[in-house]
Amino acid sequence: MELYPPDDPFLFQIMIGSFPFALRWYGALIVGGAMIAAQWAANRAAQRGQDPEHVWNLVMLGMVMGIMGARLYYVAFEWPRFADKDILTILNPATGGLAIHGAIIGAVLAALIYTRRHNLNLFEYLDITMPTFMLAQAIGRWGNFFNQEAYGRPTDLGIGVVIDAPYRVPPYNDLDAYPPSTLFHPTFLYESLWNLAGVGLLIAIERRFRGWLRRGDMVLLYAVIYGLGRLWIEGMRTDSLCTDLIGGGCDGSLRVAQLASIVLMLIGVVGLWWNHQRPMTIDDVPAPAEVKPLYDEEPAVPTIPISSTDLRRVNQTSELVLPDDDVTKRDTTS
């Protein structure tokens, strides 16, 4: 089965007066995924008794710092490409180049800054957002499909992505050796499916092992799950960042993303071990799940005590007739 993206990576392009305005599929999917994840995270925060507004504020800051981190991370490992460029070209992500590990670093820094500023628990909010962050990654990966990037080596599995010649990296741009019908590993799809499976696994662990989990476990489990998936998927890619600062297949050098994934996994495994070795505190007790009413409840109408005399008068006249004297002097015997 062939996967072939639209010829145009733009969702739309219009002119507003004399100014062009365009929206790429890549940007739409990243922002759309982030908004879906933010709404889910806000709901999770409310279930844990936290203010959902903090989640939305954190997502906005996390997106800005995440994109900055992703760009700076990419530029650092592709510096020979940018050494002679001006600062605007270096900082502009539209010129190509974002790295997810840099985005993770930026997002975590944003969470650290925001939670310290508002006196919130960092790990509580990381636990809330990690499954939703992984969902956003699964959605955003499809932006690579529309950009014809993040693909792997040629495959004969019968399913793959078709890449046009202008988007191929050497030696796969040799159309004699690799004709236009060549299928490449859709590594963007592999990672998207891995992330979706990771979301399901995190939620299953959260529900099944609620009594065992401690605060901070969800972010540590994320580090292990995502790191493991990216470790093997990255080995297929043809456009990796390499430790010798030369991008591509990384022949003769290590892949930066694989090293970063190994570090993530080590942090996750060691962190989980330490988190469960230390004495348990009250902060580690999971928040109770939200209990919703089975029907729309309305507050009861306030009532006042009624004496036996008043009840007899109601039975006789079908309406309540209060005595002339003060209510407090009524007969309250029953």
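Please treat every number below as a calculation from the coordinates, not as lab data. Every value quoted in this text rests on a predicted model; they were computed, and no experiment measured them. Reconstructed Cβ throughout: ideal geometry from the backbone, glycine too, with neighbour counts over all protein chains shown.
Using θ = phi - 60° and the Karplus form 6.51 cos²θ - 1.76 cosθ + 1.60, what ³J(HN,Hα) does each residue of region 12-17 get, whole Hz, x for Gly and Pro?
My calculation for region 12-17 gives 7, 9, 9, 10, 10, x Hz in order.
With all pairs of different alpha carbon atoms counted, what Kirkwood hydrodynamic radius in Å does region 134-283 show?
Result for region 134-283 stands at 17.2 Å.
Which residue, 146, 177, 112, has the largest displacement toward the positive end of the dipole of region 2-284 when charges sit on each Cβ (Lys, Arg +1; Asp, Glu -1)?
Positive-end residue among those listed: 112.
Nothing charged except the Cβ atoms of Lys and Arg (+1) and of Asp and Glu (-1): what's the magnitude of the dipole of region 2-284 about its Cα centre? Round to the nearest 20 debye.
1000 debye
Give me a comma-separated list of calculated 3J(HN,Hα) values for region 52-63, in order, Karplus coefficients 6.51, -1.76, 1.60 applied at θ = phi - 60°, integers in Hz, x for any Gly or Pro.
x, 4, 5, 5, 4, 5, 5, 5, 4, 5, x, 5
What ³J(HN,Hα) values, in whole Hz, does the Karplus curve 6.51 cos²θ - 1.76 cosθ + 1.60 give for region 45-50 when θ = phi - 60°, with x put for Gly and Pro?
Those phi angles translate into 5, 4, 5, 8, x, 9 Hz.
Once Rh is set to the Kirkwood radius over Cα pairs, what Stokes-Einstein translational diffusion coefficient, in µm²/s, holds for region 74-164 at a temperature of 4 °C and a viscosity of 1.567 mPa s?
79 µm²/s
Using only Cα atoms, figure out Rg for region 1-107 and give it as a multiple of 2.2 N^0.38 Å. Let's see the in-between values first.
Details: Rg = 17.3 Å, N = 107, 2.2 N^0.38 = 13.0 Å.
Against the empirical 2.2 N^0.38 Å value, I get 1.33 for region 1-107.
What do you get for Rg/Rh over region 120-189 if you use C-alpha atoms and the Kirkwood form of Rh?
Result for region 120-189 is an Rg/Rh of 1.23.
For a protection proxy built on the mean count of beta-carbon atoms within 10 angstrom, sort 30-37, 131-138 highest first, please.
131-138, 30-37
To make sure I understand, if each residue's beta carbon is the centre and we count other beta carbons within 10 Å, what order do 270, 219, 162 fall in, fewest to most?
Exposure proxy ranking, most exposed first: 270, 162, 219.
Counting other Cβ atoms within 10 Å of each Cβ, which trypsin sites (Lys or Arg not before Pro) in region 65-94 have at most 14 and sit in a DSSP loop?
Passing sites in region 65-94 are 85.
Consider a paramagnetic label point 7 Å from the Cα of residue 209 along Cα→Cβ; state which residues of region 121-139 have an amide N under 17 Å from it.
127-128, 130-131
If packing is taken as the mean number of other Cβ atoms within 10 Å per residue, what is the order of 257-269, 172-184, highest first?
257-269, 172-184
Rg(Cα) of region 2-284 divided by 2.2 N^0.38 Å?
1.07
Applying 1/(1 + (r/R0)^6) with R0 = 45 Å to the Cβ-Cβ distance of residue 120 and residue 22, what FRET efficiency is obtained, to the nearest 0.05?
0.75
Would you mind getting the Kirkwood hydrodynamic radius of region 183-247 from its Cα pairs, rounded to one decimal in Å?
Taking the inverse mean of 1/r over all distinct Cα pairs, region 183-247 comes out at 13.6 Å.
Could you order the peptides 58-64, 151-157 from most to least packed, using the average number of other C-beta atoms within 10 Å per residue? If you can, show how the numbers build up before the last one.
Values: 58-64: 20.3, 151-157: 16.0.
Highest mean packing first, the order is 58-64, 151-157.
So what's Rg/Rh here for region 217-283, counting alpha carbon atoms and using the Kirkwood radius for Rh? Intermediate values should be presented prior to the final figure.
Numbers: Rg = 15.4 Å, Rh = 13.1 Å.
Radius of gyration relative to Kirkwood radius: 1.17.
For region 37-84, taking Cα atoms only, what is the radius of gyration to one decimal and the Dmax to the nearest whole Å?
Cα radius of gyration and Dmax of region 37-84 are 16.3, 51 Å respectively.
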